[in-house]
1. So what's the angle, to the nearest 10 degrees on a 0 to 90 scale, between helix 194-205 and the longest Cα principal axis of the chain?
2. Given 0.36 nm per residue, what is the gain on full extension from residue 58 to residue 166 after removing their alpha carbon distance, in nm?
3. Sorted from fewest to most neighbouring beta carbons within 10 Å, what does the list 196, 112, 39 look like?
4. Which Rg and Dmax, in Å, describe the Cα atoms of the chain?
5. Which length gain, in nm to one decimal place, applies between residue 9 and residue 79 when the Cα-Cα distance is subtracted from 0.36 nm times their residue separation?
6. Given only helices, namely DSSP H runs of n ≥ 4 each adding -39500 (n - 2.57), what is the per-residue ellipticity at 222 nm of the chain, to the nearest 500 deg cm²/dmol?
7. In what sequence, highest mean first, do 143-155, 7-19 appear when ranked by Cβ atoms within 10 angstrom?
8. For a Förster distance of 41 Å, can you work out the FRET efficiency between the beta-carbons of residue 29 and residue 112, rounded to the nearest 0.05?
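Every read-out reported here was derived from the displayed coordinates using simple, explicitly stated rules and does not represent laboratory data. In this text the structure is predicted, and so the values were computed from the model without any measurement. Ideal geometry is used to build each Cβ from the backbone, glycine not excepted, and the neighbour counts take in all protein chains shown.
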């Protein structure tokens with residue numbers, strides 16, 4: 001049987017991965033508190049160049065950590081984001097809530113004439129105040145969230161906006177970055193995805209690197 005030479009030790013793989021990212025990425029432009037999150041995003045993407053498009057608000061990481069320590073709920077737009085979050089590392093008792101498959105979502109989508117992902121965000125209203133939000137799939141979910149907040153819905157503690165795609169993703173993330181009064185981390189352009197959204201949450205739950 002053929003044998004390949006490769007790292008097998010999980011700790012060694014982890015350390016080597018982050019050492020390579022730190023070598024390839026220019027982390028000096030990030031404030032110290034944001035660097036662990038930036039590292040995890042590059043690790044999840046397998047591409048340090050995505051960090052050139054990372055944008056954030058001044059208090060994003062501090063507010064996200066504070067919210068999770070206070071048991072704030074984590075609202076996600078897809079099951080893929082939910083399963084990517086390492087629940088055992090959460091500092092408190094935060095619930096991870098995904099309403100995409102709620103029986104009410106399909107009816108709401110028809111009523112609102114929008115996608116199921118956007119309609120599912122309507123069901124976040126009771127949990128929005130002080131929540132951590134991670135969007136890694138649907139641009140329409142992020143757009144609708146911003147519309148709700150603009151219309152007076154409670155503000156979350158942090159929005160991690162990483163919707164992916166060719167239609168609406170870049171525009172939704174640009175709208176998030178330009179929205180006044182909410183803490184956010186996002187990635188300009190089309191790139192994103194559930195793995196990045198989950199990685200961003202996980203970066204808030206662990207010790208700072």
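1. 80 degrees
2. Length difference between fully extended and current span is 36.1 nm.
3. Placing the least packed residue first, the sequence is 112, 39, 196.
4. 17.3, 64
5. Contour length minus Cα-Cα distance gives 22.3 nm.
6. -13000 deg cm²/dmol
7. Highest mean packing first, the order is 143-155, 7-19.
8. E between residue 29 and residue 112, to the nearest 0.05, is 0.55.
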